[in-house]
Amino acid sequence: MKLNYKNCGILPLLLVLVLSSCKKETDFIYGVTDIDIQKPDANKPNVKSTFTFISIAYSDLFGTTISQAQLVDLQTAYASFGDQRFIEQMIIKNFLNDGGVDIPLQSEMNADVEQFIKDSYVKFFNRLPNEFELWHIENEIAADPTLTPELIYFAMMTSNEYRYY
Amino acid sequence: MQRRGFIKKAALATAGAFAAPYILPSGRLFAATGSRIANHVVLCLFAGGVRNFESMQKAEGNLMPFTLTGNESINPQIIGGMDALPSPSGQRLQQQGTLFKEFRFAQGPTGHFSGHSTALTGQYVLGDLNIKQRPTYPTVFEYYRKHNSPSMSALNAWWVANTLGPYPALNFSQYPGYGAEFGANFIQPGSIISIPGYNSLGDPKNFEAAQLDKVKSLRQFMDNNFSSNYTPGDAGITNIEEEAILIENYINNSFDEAVAGQYDNPWGVGNSMNGDMYNVFFAEQIIKQFKPELTVVNMQDIDVCHTNFTGYCNNIRKSDYALAHLWQTIQATPGMANDTILISVPEHGRNEEPNTILDAYGKYALDHNSDEVSRQIFCLVVGPPDKVVQNQVISTVTGESVDVVPTIAKVLGFHNDIPGGMLSGTSLDQAFI
């Protein structure tokens, strides 16, 4: 077997490339909270407990932790009626009527509808919307100027998926 | 021949499909044929553990003057512990129906949840009782909603409990084929129509109908995308949307009325109004509002007897007054009047021997530990004269707690539709015309 010395200059270059490809990757941290993005319908087999549902719903709407006293009152109200979906809707309606609730303005939503939908899905469902969901809700918003962020929040927080984790 | 046979079978199958009866939502063929005795049943659990000595045998005097005939005066030793209540007038409840004076809670532990579970399932709890779990046998609500024809919505079945604890679990069972889909609306009014309840739920965002339609449409889209994970019943029972609106209006109106002070002294008895009376009051509001076909309401303040015998006697009087008030309300409610059977029964009794706790009037307290006396109770069936035998007292040992569910099923006409072997008792036919 003969060596072709004309190509000998390429060998060091290949060696450098191989060695550099084995270099350990550096982890950069940008100060952004990690978000576990999951596929829709995947890995959500559990129903939230009363405690979890109320605590998360409060945090999602007010951006802060619910007080212990308010949590106890809400848990009692929750346990006092057998149709949990019904009582969840009443709880969310009361949250939405509170002056301290943190909901984007309609103008903010309209400025970037796609981002609003993505943010909302991550906030409430802990995942990004799939293409179909994004397309459908974008169309709904585009077709109906009375569809407010508040109504979209209300729909998401009273959906079945919001009750699961 | 094979082809001819296939065509023949196909033709028969097609004809059968057209001739087959409609399959009801309950999965049952044909509409029920059982005739009803009445269109409404109210079961009032005179619970908390009532001993026949103090109720039927009047050992401390007639503590139930609205229910029982007789003017036996209350034992002077405890009279100082009795709160003021109105005096009865007109017919007593026992005169408007049939009284089983020697009813029995025959088996199982004489515990409150065990007794409630037996009254609502028609099965004694003989094994280990887990109060964190739903009953292992279907409740009367599930039998009613599954087997009654036509199938009735949850608005027709209510379980009005005086406390939380394990009692919310009694509105449906874990029995396969039954469950939340056929459960009752559970409500604990004392918790929800309260200051904490008002603070939590009393100031809702009011959306326009068109806005709610948009929300519904979006939610349906989201629910469809999540359908593979969702299991019906995970959120308890479900009211259909139109009826959920009615319930929400009812709760909001109740908040308004409570804030306006209308619930401060609703029966005009002042400070005598106890938790049991309030629970019956709220059951009456539900009866007036929704006219349910099946309502169960309980009282349990009688259980102070563990430490306060005189307080127990006082609360028997209040439960007696509340029971009569309930019947008056039923008879004053169009759609319920003359078409309702009221059944009242304690869940169990109390021990023959007292414990060591003495009250302020020198009377020893009583527990309930499954001795023979704690199994001795009564059962009262009240109804219109053309349906219930009037002024009948059955003084021999007759009837058991497990007979209550079959009796309700008989009254509402679905008794024959309950699969064989599910119920261990029999209906109290002696009470009916």
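The values are calculated or read from the model by the stated rules, or taken from the named source; none is laboratory data. As the structure is a prediction and not an experimental result, all values here were calculated from the model. Reconstructed Cβ throughout: ideal geometry from the backbone, glycine too, with neighbour counts over all protein chains shown.
Summary of computed values
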{"item": "Checking A:ILE103 against (1) in contact with a helix residue (DSSP H, G or I) (Cβ under 6 Å, 6 or more places away or on another chain); (2) within 10 Å of chain B (Cβ to nearest Cβ), the condition it does not meet", "result": "(2)"}
{"item": "2 or more residues touching a residue at least 40 places away in the same chain (Cβ under 8 Å), within 16 Å of the chain's Cα centre (by Cα) and crowded, with 19+ Cβ neighbours inside 10 Å: qualifying helices (runs of 4 or more DSSP H) within region A:61-165", "result": "A:113-125, A:149-157"}
{"item": "Residue check, B:LYS318 assigned to a helix (DSSP H, G or I), over 25 Å from B:GLY115 (Cα atoms) and either among the basic types (Lys, Arg) or modelled with pLDDT of 95 or more (or both)", "result": "no"}
{"item": "Top-ranked residue in region B:234-249 [being polar (S, T, N, Q) and assigned to a loop (DSSP other than H, G, I, E, B); ranked as surrounded by the fewest Cβ atoms within 10 Å (Cβ to Cβ)]", "result": "B:ASN239"}
{"item": "Number of the condition not met by B:ASN298 [criteria: (1) of a type in the set (S, T, N, Q); (2) more than 14 Å from chain A (Cβ to nearest Cβ); (3) crowded, with 18+ Cβ neighbours inside 10 Å; (4) in a helix (DSSP H, G or I)]", "result": "(4)"}
{"item": "Qualifying positions in region B:252-276 - surrounded by fewer than 22 Cβ atoms within 10 Å (Cβ to Cβ) and assigned to a helix (DSSP H, G or I)", "result": "B:ASN252, B:ASN253, B:PHE255, B:ASP256, B:GLU257, B:ALA258, B:VAL259, B:GLY270, B:ASN271, B:SER272, B:GLY275"}
{"item": "Check on B:PHE207, out of contact with any strand residue (DSSP E or B) (no Cβ under 8 Å at 6 or more places or on another chain), surrounded by 14 or more Cβ atoms within 10 Å (Cβ to Cβ), without any contact (Cβ under 8 Å) to a residue 12 or more places away in the chain and within 10 Å of chain A (Cβ to nearest Cβ)", "result": "yes"}
{"item": "Of all residues making up region B:244-288, the number that are out of contact with any strand residue (DSSP E or B) (no Cβ under 9 Å at 6 or more places or on another chain) and within 13 Å of chain A (Cβ to nearest Cβ)", "result": "8"}
{"item": "In region A:145-156, residue nearest to A:GLU88 (Cα to Cα) [restricted to those that are touching a helix residue (DSSP H, G or I) at 6+ places or on another chain (Cβ under 8 Å) and more than 7 Å from every other protein chain (Cβ to nearest Cβ)]", "result": "A:TYR153"}
{"item": "Qualifying positions in region B:192-204 - facing chain A (nearest Cβ under 7 Å) and surrounded by fewer than 20 Cβ atoms within 10 Å (Cβ to Cβ)", "result": "B:PRO196, B:ASN199, B:ASP203, B:PRO204"}
{"item": "Of all residues making up region B:348-360, the number that are buried (at least 18 other Cβ atoms within 10 Å of the Cβ) and over 16 Å from B:MET56 (Cβ atoms)", "result": "2"}
{"item": "Options B:GLN107, B:GLN123, B:GLN95: the member that is more than 19 Å from the chain's Cα centre (by Cα), modelled with pLDDT of 95 or more and either within 14 Å of chain A (Cβ to nearest Cβ) or assigned to a loop (DSSP other than H, G, I, E, B) (or both)", "result": "B:GLN107"}
{"item": "Wholly within region B:327-433, strands (runs of 3 or more DSSP E) carrying at least 1 residues that are touching a Pro at 6+ places or on another chain (Cβ under 8 Å), aliphatic (A, V, I, L, M) and on the phi < 0 side of the Ramachandran plot", "result": "B:376-382"}
{"item": "Flag if B:SER55 is hydroxyl-bearing (Ser, Thr, Tyr) and surrounded by fewer than 22 Cβ atoms within 10 Å (Cβ to Cβ)", "result": "no"}
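Results for (1) more than 9 Å from chain A (Cβ to nearest Cβ); (2) buried (at least 19 other Cβ atoms within 10 Å of the Cβ); (3) within 30 Å of B:ALA283 (Cα to Cα), shown as yes or no for each residue.
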| residue | (1), (2), (3) |
| --- | --- |
| B:ALA180 | no, yes, yes |
| B:GLY183 | no, yes, yes |
| B:ILE187 | no, yes, yes |
| B:ASP213 | yes, no, no |
| B:LYS216 | no, no, no |
| B:SER228 | no, no, no |
| B:PRO232 | yes, no, yes |
